[in-house]
1. Step through the residues of the stretch 187-199 one at a time and calculate ³J(HN,Hα) from phi using the Karplus curve (6.51 cos²θ - 1.76 cosθ + 1.60, θ = phi - 60°), rounding each to whole Hz and writing x for Gly and Pro.
2. So if I take the centroid of the Cα atoms in the stretch 235-249 and the same for the stretch 200-219, what is the distance between those two points in Å?
3. What distance in nm separates the simple spin-label points at Lys148 and Tyr101, each placed 7 Å from Cα in the Cβ direction?
4. For the chain, what's the relative contact order in percent, using C-alpha pairs closer than 8 Å and at least 6 residues apart?
5. Mind putting a number on the dipole of the stretch 143-239 about its Cα centre? Charges go on the C-beta only, +1 for Lys and Arg and -1 for Asp and Glu, and I need it in Debye to the nearest 20.
6. Count the net charge of all other residues whose Cβ sits under 9 Å from the Cβ of Leu93, scoring Lys and Arg as +1 and Asp and Glu as -1.
7. What FRET efficiency comes out for the pair Glu52/Glu77, r = Cβ-Cβ distance, R0 = 25 Å, nearest 0.05?
8. Please give the calculated 222 nm ellipticity per residue for the chain, where each DSSP H segment of at least 4 residues contributes -39500 (n - 2.57) and the sum is spread over every residue; nearest 500 deg cm²/dmol?
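Quick note: the coordinates plus some simple rules give every number you see, no bench work behind them. Worth saying up front: this structure is predicted, and the values here are computed from it rather than measured. All Cβ positions, even for glycine, are placed from backbone atoms using ideal geometry, and neighbour counts span all protein chains on display.
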Amino acid sequence: MRKPIIAGNWKMNKLSPEAVELAGELKNKAGGIADREIVLCPPFTVLSSVKEVIAGSSIRLGAQNMHWEISGAYTGEVSPTMLKDIGCDYVILGHSERRQYFGETDEMVNKKTKIAFSIGLIPIVCVGETLPQRETGETLAVIEEQIKAGLSGLTEEESKGLVVAYEPVWAIGTGKTATPDQAEEVQRFIRKLLGQMFGKENAQAIRILYGGSINPDNISALMSCENVDGGLVGGASLKAESFLKVIGY
Ligand code: 13P
């Protein structure tokens, strides 16, 4: 059985006092949950303070991005070991906002994914099609390219620890959620691809999350799909009340 993951991607939101308050409320009400993994992905600037708040609970820390080198002359970047050092267990890679606004490519995602495994960070690798791509029937081809290029060269052992997030770009921050059938169709296809790359048995262990306008009202239908193993939540993760409802699905 795959343990579900509910991850909150705070994106570029929250100054320290708000971050500490939100993390504190989540720790109080959900810090003992053991049947699913709860991951908070705040901005870099509050990773440390959120880590301090959630210490001693089952809630885990994740970052939203990182560089693919361990150190060096990369002004303004944050390295994988820096995230590890500060207490992160997870890192979101290849989010569509990184691809769209910062020119991230599958090749960069691939380098980041490999280094993440090599230092013991769990990558949450995001893939997803845009609205025009869906409308022209290219969804599965786009996903196939992102999965094959982004995850090439991982070992079978590494693959078992992988987390993939299917986030249709048209569903992010728009209030338009993919229907459970749409999510399941793509996520089943992703697992099939992963099976071809890493072996069927290993692919069964990989958690595949859905992301895009998740809210307390649509999460349970999404979670009832066979290949939806959790959610990557944006807007609804910014308030304790809505995120706790999503966690409780
Ligand atoms: P929303 O839940 O705000 O649509 O964001 C989804 C997302 O991008 C999570 O990474």
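1. Result, ordered by residue: 5, 5, 5, 4, 5, 5, 4, 4, x, 5, 7, 10, x Hz.
2. Their Cα centres are 16 Å away from one another.
3. The two pseudo-label positions are separated by 3.1 nm.
4. 20
5. 140
6. After counting each charged neighbour, the total is +1.
7. Calculated value: 0.55.
8. -13000 deg cm²/dmol, from helical runs alone.
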